[in-house]
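**Student:** One structure, pasted below without further comment.
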Amino acid sequence: MAQEDLFKKIIAHAKEYGFVFPSSEIYDGMSAVYDYGQNGVELKNNIRRYWWDAMVTMNENVVGLDSAIFMHPDIWKASGHVDAFNDPLIDNKDSKKRYRADQLIEDYIDKLRRKIEKEVTKAAKRFGDSFDSEQFLSTNPRVLSNQEKIDTVHKRFVKALEDDDLEELKQIILDCEIADPESGSRNWTDVRQFNLMFDTSIGSVSDTASKIYLRPETAQGIFVNFLNVQKSGRMKIPFGIAQTGKAFRNEIVARQFIMRMREFEQMEMQFFVPPGEELKWFEYWKETRMRWHKSLGLGGENYRFHDHDKLAHYANAATDIEYNFPIGFKEVEGIHSRTDFDLTQHQKFSGKKMQYFDNDLNASYIPFVVETSIGLDRMFLTVLAGSYLEEKLEKEGSDEQRIVLKIPPFLAPVKVAVLPLVKKDGLPDVARKIMNELKLDFNCQYEEKDSIGRRYRRQDAIGTPYCITIDHQTKDDDTVTIRDRDTMKQERIPIKQARDIVQQKVSAQNQLRKLG
Ligand code: GAP
């Protein structure tokens, strides 16, 4: 199946099974805004919890915060967002579609990279064991020509970004003959800067109302509370402050489902360190965060680091953790060494000291900050994409298949389904009793409608790790069958063991232990 088709199927599946709905759908929807359904909200809560436990509960020197979305407007002047939180946009005059100029160029470079990969795969197949990829890459004329194009465009692109040279960005698009991906037209406007912050006004009377912004990142709430937390919690550097919450960006190009939304959720942590130690901690958090991603079991080979071509105005090192989605490698998390930029700016704009007194050094300083910033919605999409599977069932001569979400059990929205085999003979009463016990520990679902096979399929489709079936034997000997989502194997167990078996598999504790 083509990867783009797979992506479309995942989106359709997410809607059909109550994970993600387009927002305001009965009014024809709103672009780049989505609602999470009954299963989506559970999965989202579980991902958020796993992040929180790994970052806050498991680290004695990281504490939480929940700051307001509305903040003093000067905060965004201090942070540089009013002046510099821009994307370069370009319009196609024929299709009237709007694009990010930098993304058009990145997509062009990606296309050339994919061409090289294809050449390598083809040649590896042709030459078999004797294939020497290094030699091939350094001698094949088509590869060399594409690599030269990549290097030249990449160099111009990085320089244009560094110089904020919008004319050069347009010139690259023209020189590379980049066309509108939808219409194929090359009739472009000039490139313009576009600020991504939403604004609104606070105050009931329009002439006294003042303009405020919806926060484009949660991080600034942490910076402005740095000393409140440090003093009230008697925190000693190095320490971190973490929070999760909504962020808002007026994205130019809204596409790729929940990958790029206008209202989304971030999970961020700012780690405050002595000046000069930031790069050591940057490496530490890079590795720690990659370990967290890989702990989910969605395929270690599907992750990579991607260092930034252009550092943000506040950073002296930055990398992204990317996941290999069906639409290619995309950023899920950013790790940034933000220097002392933000705290220094807030000290300047607020007139309040943002310094920390270090007892060990007997000196005051403005700490440096290493940030880990992950999009909860992108993480949700990572879990969906990494666990969606169409599986052919092994029945002789059958072309039956199932769609199963092999979501890591501790993240699954429903942990166990309780299913009476039939709707009569007192089986529902026994099932209800079991359900009432299990729901004290797990998110459970009770289902008695349709054949047992169809009910198993529905639970597979939402990723439920276990189904417990109550049959006639249950009434005789207090046993039930427990079915494993991944192997589809059923085992007969005493009812009183059910809780422990489920617990063993769905508990996040084992995961957290592995993280160390
Ligand atoms: N405080 C730093 C910061 O906000 P960022 O790289 O702009 O850094 C961090 O954003 C993460 O937030 C990204 O890695 C991504 O997962 C998520 N994110 C950013 N913009 C998003 C959008 N429009 N829709 C969904 N997630 C987004």
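The values are calculated or read from the model by the stated rules, or taken from the named source; none is laboratory data. Everything quoted here is computed from the prediction, not taken from an experiment. With ideal geometry, Cβ positions are generated from the backbone for all residues, glycine too; neighbour counts draw on all protein chains shown. For the accessible areas, the whole protein counts, side chains as well, though only heavy atoms, and no ligand, DNA or RNA atoms are used. Shrake-Rupley method; radii C 1.70, N 1.55, O 1.52, S 1.80 Å.
**Student:** Take the Cβ-Cβ distance between K395 and N59 as r, set R0 to 51 Å, and report the resulting FRET efficiency rounded to the nearest 0.05.
**Tutor:** 0.55
**Student:** In square angstrom, rounded to the nearest 10, how much accessible surface does K310 have for a 1.4 Å probe?
**Tutor:** Accessible area, nearest 10 Å²: 80 Å².
**Student:** Among rounded, prolate and oblate, which fits segment 86-194 when a ≥ b ≥ c are the square roots of the eigenvalues of its C-alpha gyration tensor, a/c under 1.5 means rounded, and a/b larger than b/c means prolate? Show your work: numbers first, answer last.
**Tutor:** Values: a/c = 3.42, a/b = 2.15, b/c = 1.59.
Verdict is prolate for segment 86-194.
**Student:** Next question. Determine the dipole magnitude for segment 86-194: charges of +1 sit on the beta-carbon of Lys and Arg, -1 on that of Asp and Glu, nothing else is charged, the reference point is the Cα centre, and the result goes in debye to the nearest 20. Don't skip to the end; give the middle numbers.
**Tutor:** On the way: 21 positive and 25 negative charges, 116 e Å.
Result for segment 86-194 is approximately 560 debye, rounded to the nearest 20.
**Student:** If you take the charge dipole of the chain about its Cα centre, with +1 on Lys and Arg Cβ and -1 on Asp and Glu Cβ, which of G386, H336, V153 is farthest toward its positive end?
**Tutor:** The residue sitting most towards the positive pole is G386.
**Student:** Pairing the Cα long axis of helix 427-438 with the longest principal axis of the chain, what angle in degrees results, from 0 to 90 and rounded to the nearest 10?
**Tutor:** 40
**Student:** Using a 1.4 angstrom probe on the protein heavy atoms only, line up E168, E182 by accessible area, largest first.
**Tutor:** Details: E168 50, E182 135 Å².
Sorted descending by solvent-accessible area, the residues read E182, E168.
**Student:** For labels at D164 and A312 in the simple 7 Å Cα→Cβ model, what's the distance in nm?
**Tutor:** Between D164 and A312, the label points sit 1.7 nm apart.
**Student:** Given 0.36 nm per residue, what is the gain on full extension from D358 to R492 after removing their alpha carbon distance, in nm?
**Tutor:** 42.1 nm
**Student:** Give me the number: length gained by fully extending D74 to N228, i.e. 0.36 nm times residue separation minus the C-alpha to C-alpha distance, one decimal in nm.
**Tutor:** Taking D74 through N228 to full extension adds about 53.6 nm, to one decimal.
**Student:** Return one number: the angle in degrees, 0 to 90 and rounded to the nearest 10, between the long axis of the Cα atoms of helix 101-127 and the longest principal axis of the Cα atoms of the chain.
**Tutor:** 60
**Student:** Would you tally the net charge around G426, using a Cβ to Cβ cut-off of less than 11 Å, leaving G426 out, and scoring K and R as +1, D and E as -1? Before the final figure, lay out each step's value.
**Tutor:** On the way: positive: K423, K424, R432, K433, K475; negative: D425, D429.
After counting each charged neighbour, the total is +3.
**Student:** Between D107 and F131, 0.36 nm times their residue separation minus their Cα-Cα distance comes to what?
**Tutor:** Working: separation 24, 0.36 × 24 = 8.64 nm, distance 2.92 nm.
Length gained between D107 and F131: 5.7 nm.
**Student:** Return the long-range amide H neighbours of E333 (sequence gap of 5 or more, or a different chain), with a cut-off of under 5 Å between placed amide H atoms.
**Tutor:** Sorted by chain and number, the residues that satisfy this are I321.
**Student:** While we're on this one: Once the dipole of the chain is set up with Lys and Arg at +1 and Asp and Glu at -1 on Cβ about the Cα centre, which of F85, N250, M269 lies farthest towards its positive end?
**Tutor:** After comparing all options, I get M269.
**Student:** In whole Å, largest first, what are the principal axis extents of the Cα atoms in segment 308-432?
**Tutor:** Result for segment 308-432: principal-axis Cα extents of 76, 40, 28 Å.
**Student:** Hey, what number do you get for the chain at 222 nm if only DSSP H runs of n ≥ 4 count, each worth -39500 (n - 2.57), divided across all residues, to the nearest 500? Provide the component values of the computation, followed by the final result.
**Tutor:** Working: 18 runs with 201 residues, N = 516.
That calculation yields -12000 deg cm²/dmol at 222 nm.
**Student:** To continue, here is another question. Quantify, in whole percent, the carbon and sulfur part of the accessible surface of segment 407-515 (1.4 Å probe; protein heavy atoms only). Spell out each step's value before the answer.
**Tutor:** Working: 2580 of 5370 Å².
Answer for segment 407-515 is 48 percent, counting heavy atoms of protein chains only.
**Student:** Could you please put T479, T372, T139 in sequence from largest to smallest accessible area, using a 1.4 Å probe? Working shown, then result.
**Tutor:** Numbers: T479 20, T372 0, T139 80 Å².
Accessible-area ranking of T479, T372, T139, largest first: T139, T479, T372.
**Student:** Run the accessible area of segment 86-194 with a 1.4 Å probe and give the carbon-and-sulfur part as a rounded percent.
**Tutor:** Working: 3210 of 6930 Å².
For segment 86-194, the apolar C and S fraction of the accessible surface comes to 46 percent.
**Student:** Shape of segment 200-291 from its Cα gyration tensor (a ≥ b ≥ c, root eigenvalues): rounded if a/c is under 1.5, otherwise prolate when a/b > b/c, or oblate?
**Tutor:** Details: a/c = 3.06, a/b = 1.38, b/c = 2.21.
Oblate, since a/c reaches 1.5 and b/c is not below a/b.
**Student:** Among residues other than Y303 whose Cβ falls under 14 Å from its Cβ, what is the net charge (Lys/Arg +1, Asp/Glu -1)? Write out the running numbers ahead of the final one.
**Tutor:** Details: positive: K286, R289, R291, K294, R304, K330, R378; negative: E287, E301, D320, E322, E331, E333.
My count for the surroundings of Y303 gives +1.
**Student:** For K348, list the aspartates and glutamates whose Cα falls under 14 Å from its own Cα; do not include residues on the same chain fewer than 8 positions away.
**Tutor:** D74, D340
**Student:** Here's a follow-up. Could you name the aspartates and glutamates in cross-link range of K231, using Cα to Cα under 14 Å and dropping any fewer than eight places away on the same chain?
**Tutor:** D358
**Student:** Let me ask another. From the protein chains alone at 1.4 Å, what is the descending order of accessible area for M71, M269, largest first? Please report the intermediate quantities before stating the final value.
**Tutor:** Numbers: M71 25, M269 0 Å².
So, going from the largest accessible area down, we get M71, M269.
**Student:** Here's something else I'd like to know. Can you give the accessible area per residue of segment 86-194, in Å², using a 1.4 Å probe?
**Tutor:** Details: 6930 Å² over 109 residues.
Averaged over the residues of segment 86-194, the accessible area is 64 Å².
**Student:** Among G128, L196, V20, whose Cα lies farthest out toward the positive end of the dipole of the chain, if unit charges sit on the beta carbon of Lys, Arg (+1) and Asp, Glu (-1)?
**Tutor:** V20
**Student:** Which of the lysines could be linked to K170 by a straight reach, that is with a Cα gap under 28 Å, when you skip same-chain ones fewer than 8 residues away?
**Tutor:** Those lysines meeting the cut-off are K93, K96, K97, K111, K115, K149, K155, K159, K310, K330.
**Student:** What does the net charge come to around C444 if you take all other residues with beta carbon closer than 12 Å to its beta carbon, with K and R at +1 and D and E at -1? List each step's numbers first, then the result.
**Tutor:** Numbers: positive: K415, R432, K439, R499; negative: E42, E437, D441, E447.
Spelling it out: positives minus negatives among the neighbours equals 0.
**Student:** Can you pull the accessible area of R186 for me, 1.4 Å probe, Å² to the nearest 10?
**Tutor:** The accessible area of R186 comes to roughly 140 Å².
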